[in-house]
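Novice: Structure incoming, see below.
The values are calculated or read from the model by the stated rules, or taken from the named source; none is laboratory data. Remember, it's a predicted structure, so these values are computed and weren't measured experimentally. Neighbour counts run over all protein chains shown; Cβ positions are idealised from the backbone, glycine included.
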Amino acid sequence: MKPSQVKRIERLYRRRIPPQKIATPELLRLLSHLSSEIRRQIGILVGRRGSIEIVMVGDQKGITIPDLSRYRSGLLRLRGLRLIHTHLQGEPLTEEDLADLALLRLDMIVAIGLDGDGSPGPIYSAHLLPDNPEEKMWEILPPSSPMFLDIDFLKWIQSLEDEFQKGQRSVPLRGPQEKAILISVSRESRDSVERSMEELRELAESSGVFVVDTVVQRPQKIYPATLMGEGKLRDLLVKCMQLGVDLIIFDQNLTPGQMASISDFTELRVIDRTQLILDIFAQRAHTLDGKIQVELAQLKYLLPRLAKKTLALSRLTGGIGGRGPGETKLEIDRRRVRDRIHLLERELKRLSMRREQGRARRAKTGIPTVSIIGYTNAGKTTLFNLLTRSQFQVEDRLFSTLDTATRRLRFPASSPIGSRIREVVITDTVGFIRDLPEDLIGAFRPTFEELQESDLLIHLIDISSRFLEEKIEAVERTLSELKLSGLPTVRVFNKVDKLNPEEAEAICRKYGGVAISALQPESLHKLFAAIEKKLWNGMARDRLTNGVSSDISL
């Protein structure tokens with residue numbers, strides 16, 4: 001460009017547009033003539049007060065918009081900037097224009113088509129739309145003359161933002177809930193994806209999140225950097241803005257690079273399945289063991305993500321995905337995180353030795369140990385409360401129990417073994433889940449080690465679950481990974497009151513188990529009989545003796 005042309009472009013910064021105007025005819029003519037002279041696209045970003053904030057000179061095909069993070073941040077609001085730029089060939093708005101409109105949350109985008117003599121031709125414009133029945137992301141206005149710019153822009157943009165706010169408030173919340181959209185990007189079968197998404201919804205609701213919408217994409221190609229393509233991410237961003245959502249939860253576990261890319265691309269808070277589970281654990285852990293285990297798992301998860309500070313991490317100081325270690329621990333450098341991890345591991349080892357001493361004392365009494373295991377929300381704590389007359393909190397949500405509990409159980413005189421007084425030590429454990437995060441398995445290994453000392457495992461199964469077989473396989477696969485699959489196990493199907501007797505009996509025959517209802521004490525005789533068969537009439541009989549009486553009985 002010639003020096004005189006550069007100076008004319010620089011003088012654009014001095015111009016102001018009346019706040020009520022989108023642009024003035026004089027400004028449109030100046031942009032058109034300059035762009036025609038240098039044969040490059042020219043664009044300006046105009047603020048709400050009419051000041052020209054940024055001037056951009058591109059090439060024949062487009063312009064590059066710089067970082068706008070210092071301008072009116074916040075996903076729930078428009079940026080407060082409108083883009084006015086030229087199109088050398090007089091073409092309408094392009095896909096790239098619409099992508100900029102959505103990703104940058106611009107007030108409006110305007111393209112000036114040039115006539116052959118360099119004067120302004122048709123004016124093409126578009127703006128984002130609030131939530132609507134047609135699920136449209138934006139509205140592209142019909143081509144018009146410069147006269148269309150005479151509308152009162154300030155009143156129009158305020159009305160548009162009011163409509164956005166109405167849509168954002170249309171989702172009722174209970175207290176300080178966060179609104180989230182759940183996303184799955186997978187090439188697995190549709191049934192598998194649907195099952196996984198249903199569980200993700202339960203996890204999110206269990207964590208206190210209000211799920212606004214779910215998005216399932218089964219693409220032919222998985223994008224390594226962002227999983228989803230740019231177009232899908234753009235649509236997602238507009239949907240989040242329409243619904244007032246600033247949190248997206250991926251069903252897939254994201255790599256540190258993917259989380260950073262998606263967060264930087266969309267300016268959304270992004271967490272994955274593992275981080276959601278970690279958040280639930282952080283909410284539910286109450287004992288010293290549980291808190292240390294959760295903090296250790298969170299720090300191991302966050303360590304590789306501290307290399308680059310992104311929006312995904314910078315906003316984890318509170319809310320979903322940010323409980324547990326606390327703000328200071330999430331901001332420290334990698335070296336101090338490693339030091340903290342080593343300290344927690346030593347503390348866990350010390351607590352593990354204490355538990356081992358307790359197990360040794362119990363072993364001297366000769367009382368067998370029975371552990372209740374199973375998929376999360378199968379009813380383990382309800383059964384434990386019934387058997388031991390305890391009052392641990394029971395909730396119909398995933399991972400309501402994190403801290404293990406141990407009590408002594410005396411079999412009732414009415415049981416099949418009532419002729420001889422029998423006692424066992426019974427333990428309630430944390431629930432399993434499909435694809436249990438590796439960091440959680442590692443952190444909770446001391447707890448799982450207690451299962452190795454069990455003489456019998458009660459695998460409690462929710463017989464009413466639509467995904468019965470998959471949950472059984474998930475638990476048994478986890479037991480195999482923990483090298484516990486060789487322990488004597490009884491399959492116990494809970495919630496039998498939700499099925500008809502014939503269907504329940506058929507399931508028990510198929511999987512070789514007994515059916516009970518933890519809400520119906522009279523159904524427990526089958527469970528007692530199964531325990532007796534495994535403990536005193538089975539393989540463990542030779543190494544077990546009668547126990548000592550307890551104050552806790554059924």
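Novice: Could you pull out every one of the helices (runs of 4 or more DSSP H) wholly within the range 188-291 that has 1 or more residues that are more than 13 Å from the chain's Cα centre (by Cα) and farther than 30 Å from residue 352 by Cα?
Specialist: In the range 188-291, the matching helices (runs of 4 or more DSSP H) lie at 190-206, 230-243, 256-266.
Novice: Residue 114 - would you say it is without any contact (Cβ under 8 Å) to a residue 40 or more places away in the chain, hydrophobic (A, V, I, L, M, F, W, C) and in the same structural domain as residue 163 (by TED's automatic domain parsing)? So that I can check it myself, show each step before the final result.
Specialist: Values: without any contact (Cβ under 8 Å) to a residue 40 or more places away in the chain: no; hydrophobic (A, V, I, L, M, F, W, C): yes; in the same structural domain as residue 163 (by TED's automatic domain parsing): yes.
Considered against the rule, which asks whether it is without any contact (Cβ under 8 Å) to a residue 40 or more places away in the chain, hydrophobic (A, V, I, L, M, F, W, C) and in the same structural domain as residue 163 (by TED's automatic domain parsing), residue 114 comes out as no.
Novice: I'd like the full set of residues that are touching a strand residue (DSSP E or B) at 6+ places or on another chain (Cβ under 9 Å) and either assigned to a helix (DSSP H, G or I) or surrounded by fewer than 13 Cβ atoms within 10 Å (Cβ to Cβ) (or both), limited to the range 478-497.
Specialist: Listed by number, the residues that qualify are 478, 479, 496.
Novice: For residues that are crowded, with 24+ Cβ neighbours inside 10 Å and hydrophobic (A, V, I, L, M, F, W, C), tally how many sit in the range 281-297.
Specialist: So the count comes out to 4.
Novice: Let me ask you something else. Just one of the numbered conditions (1) assigned to a strand (DSSP E or B); (2) over 17 Å from residue 27 (Cβ atoms); (3) under 36 Å from the mean Cα position of the chain (by Cα) is not true of residue 143; which one?
Specialist: Condition (3) is where residue 143 drops out.
Novice: Does any residue in the range 201-219 that is of a type in the set (A, V, I, L, M) come within less than 7 Å, Cβ to Cβ, of a residue that is in a loop (DSSP other than H, G, I, E, B) six or more places away or on a different chain, and which pairs are these?
Specialist: 203/398; 209/177; 209/320; 212/171; 212/245
Novice: Take residue 358 and tell me if it is modelled with pLDDT under 80, more than 23 Å from residue 274 (Cα to Cα) and surrounded by fewer than 16 Cβ atoms within 10 Å (Cβ to Cβ).
Specialist: Answer is yes for this residue.
Novice: Taking the range 1-16 as the search range and keeping residues that are in a helix (DSSP H, G or I) and either touching a Gly at 6+ places or on another chain (Cβ under 7 Å) or under 15 Å from residue 49 (Cα atoms) (or both), which one is modelled with the lowest pLDDT?
Specialist: The extreme case among them is 13.
Novice: Do we find that residue 38 is hydrophobic (A, V, I, L, M, F, W, C), assigned by TED's automatic domain parsing to the domain that holds residue 117 and within 46 Å of the chain's Cα centre (by Cα) in this structure?
Specialist: No; evaluated as a whole, the condition is false for this residue.
Novice: Continuing with this model, one more query. Select, from 154, 98, the only residue that is at negative phi, surrounded by fewer than 16 Cβ atoms within 10 Å (Cβ to Cβ), touching a residue at least 24 places away in the same chain (Cβ under 8 Å) and not in a strand (DSSP E or B).
Specialist: Sole residue among the options that is at negative phi, surrounded by fewer than 16 Cβ atoms within 10 Å (Cβ to Cβ), touching a residue at least 24 places away in the same chain (Cβ under 8 Å) and not in a strand (DSSP E or B): 154.
Novice: Could you identify the single residue in 120, 142 that is in the same structural domain as residue 58 (by TED's automatic domain parsing) and either free of Cβ contacts under 8 Å to residues at least 40 places away in the same chain or in contact with a His (Cβ under 7 Å, 6 or more places away or on another chain) (or both)?
Specialist: From the options 120, 142, the qualifying one is 142.
Novice: May I pose another question? Determine, yes or no, whether residue 517 is modelled with pLDDT of 85 or more and assigned to a loop (DSSP other than H, G, I, E, B).
Specialist: Spelling it out, residue 517 is indeed modelled with pLDDT of 85 or more and assigned to a loop (DSSP other than H, G, I, E, B).
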